[in-house]
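Visitor: Quick one: the structure is below, and I'll ask about it shortly.
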Amino acid sequence: MLPTFQNIVLHEYREGVLASVSLPFSTEYAVLLKINGSPYVTMACSGNFLQEHITGYLITEGIISGTDQIERMDIDEANLAVNAVLINDRIIADKLDRIKTISAAGGRGKKNLPSEDMIRRSLPEVRACVILQSMSEFLTYSREHEATHGVHGAALYSLAGERLVFFDEIGRHNAIDKIIGYAAMNSLSLEDKMICSTGRISSEIAFKFINARAPVLITRASPTTMSVGLLRHYNIISIVRAINGRFYVVNGKESIVLPRQD
């Protein structure tokens, strides 16, 4: 596995003196993703758990809907390249063409939004106390962040507050992709799970939740106005600024179970 951090020598200013110190910083790798042998995108990432990362990326970008559409994944760690060989499917080919068109145009128009079929008709119930307990554990779990202050984190929790998996990553998008990829590779349903994040919720993150059909998003950070519109339209429970015993509900207020008031 590629190293996740490297000690760098710098100079610290303190009390009028510059002194040489060594600090750990998160490593960054440029990994080339190929789809069926053709270069698709170069991803800045931490370089670990590449199978989970790429599987999640393909799902959250709407390219595939599940691992059964991946024939094989060839990971060349030495050359920082991954070739995802997908099944021969006209729908997947059309999706790839559409995504390339969206990228070239510099954004998504209304006709390029996920299908209205992706709007959730029902949501799970989530206890407020579980949200706070899970986030309290989640935000203090990462030893890498404690050492480097250079990574985002994401975790998958059950609705009872059990942490199932945690990933550090240099990018908040990558961390979410790894969670989705891990769940898909291990046949874990997201219907009764929560995904916790340290990062800001932009429209790109909202699209990942929509495409993965993940019902519950919790973050310590804030959303953008565009992501608020998407999360409400596609009906995803969205909890933001969940820290220090409080949180804000962007969508899904009716699904939050409050403590009994005796």
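Visitor: State whether one or more residues within the stretch 7-29 are among the small types (Gly, Ala, Ser), touching a strand residue (DSSP E or B) at 6+ places or on another chain (Cβ under 9 Å) and on the phi > 0 side of the Ramachandran plot.
Guide: As a first pass, look at the stretch 7-29 and keep what is among the small types (Gly, Ala, Ser): 16, 19-20, 22, 26.
With touching a strand residue (DSSP E or B) at 6+ places or on another chain (Cβ under 9 Å) added as a condition, the list becomes 19-20, 22, 26.
Pick out the ones that are also on the phi > 0 side of the Ramachandran plot and you get none.
Checked the stretch 7-29: no residue is among the small types (Gly, Ala, Ser), touching a strand residue (DSSP E or B) at 6+ places or on another chain (Cβ under 9 Å) and on the phi > 0 side of the Ramachandran plot.
Visitor: So which residues in the stretch 22-47 are under 20 Å from Glu144 (Cβ atoms), out of contact with any Phe, Trp or Tyr (no Cβ under 8 Å at 6 or more places or on another chain), at pLDDT below 95 and crowded, with 16+ Cβ neighbours inside 10 Å?
Guide: none
Visitor: Count, please, the residues in the stretch 139-182 that happen to be free of Cβ contacts under 8 Å to residues at least 60 places away in the same chain and under 30 Å from Leu258 (Cα atoms).
Guide: Total satisfying the criteria: 20.
Visitor: List every residue pair whose Cβ atoms sit under 7 Å apart, with the two residues 6 or more apart in sequence or on different chains, where the first one lies in the stretch 64-79 and is part of a strand (DSSP E or B) and the second, anywhere, is open to solvent by 60 Å² or more (accessible area, probe 1.4 Å) and of a type in the set (D, E, K, R).
Guide: Final answer for the pair search is none.
Visitor: Given the conditions (1) touching a Phe, Trp or Tyr at 6+ places or on another chain (Cβ under 7 Å); (2) of a type in the set (S, T, N, Q); (3) farther than 16 Å from Asn174 by Cα, report the number of the one that Gln69 does not fulfil.
Guide: Exception for Gln69: condition (1).
Visitor: Based on what the data block shows, is Ala19 open to solvent by 80 Å² or more (accessible area, probe 1.4 Å) and more than 23 Å from Ile205 (Cα to Cα)?
Guide: On the way: open to solvent by 80 Å² or more (accessible area, probe 1.4 Å): no; more than 23 Å from Ile205 (Cα to Cα): yes.
No; evaluated as a whole, the condition is false for this residue.
Visitor: With the condition kept exactly as written, say whether any residue in the stretch 102-110 is part of a helix (DSSP H, G or I) and either touching a His at 6+ places or on another chain (Cβ under 8 Å) or at pLDDT 95 or above (or both).
Guide: No, every residue in the stretch 102-110 fails to be part of a helix (DSSP H, G or I) and either touching a His at 6+ places or on another chain (Cβ under 8 Å) or at pLDDT 95 or above (or both).
Visitor: Within the stretch 196-216, can one find any residue that is touching a residue at least 40 places away in the same chain (Cβ under 8 Å), surrounded by fewer than 17 Cβ atoms within 10 Å (Cβ to Cβ), touching a strand residue (DSSP E or B) at 6+ places or on another chain (Cβ under 7 Å) and part of a loop (DSSP other than H, G, I, E, B)?
Guide: no
Visitor: Can you report the number of residues in the stretch 205-230 which are within 15 Å of the chain's Cα centre (by Cα), of a type in the set (A, V, I, L, M) and within 20 Å of Met118 (Cα to Cα)?
Guide: Count: 8.
Visitor: Sort out which residues of the stretch 1-60 are aromatic (Phe, Trp, Tyr), part of a strand (DSSP E or B) and out of contact with any Gly (no Cβ under 7 Å at 6 or more places or on another chain), and write them in order of number.
Guide: Hits for the stretch 1-60 are Phe5, Tyr13, Tyr40.
The values are calculated or read from the model by the stated rules, or taken from the named source; none is laboratory data. All values reported here derive from a predicted model rather than from experimental measurement. Heads up, the Cβs are rebuilt from the backbone with ideal geometry, glycines too, and the neighbour counts pull from every protein chain shown. Surface areas here come from the heavy atoms of the whole protein model, side chains and all, with no ligands, DNA or RNA. Shrake-Rupley method; radii C 1.70, N 1.55, O 1.52, S 1.80 Å.
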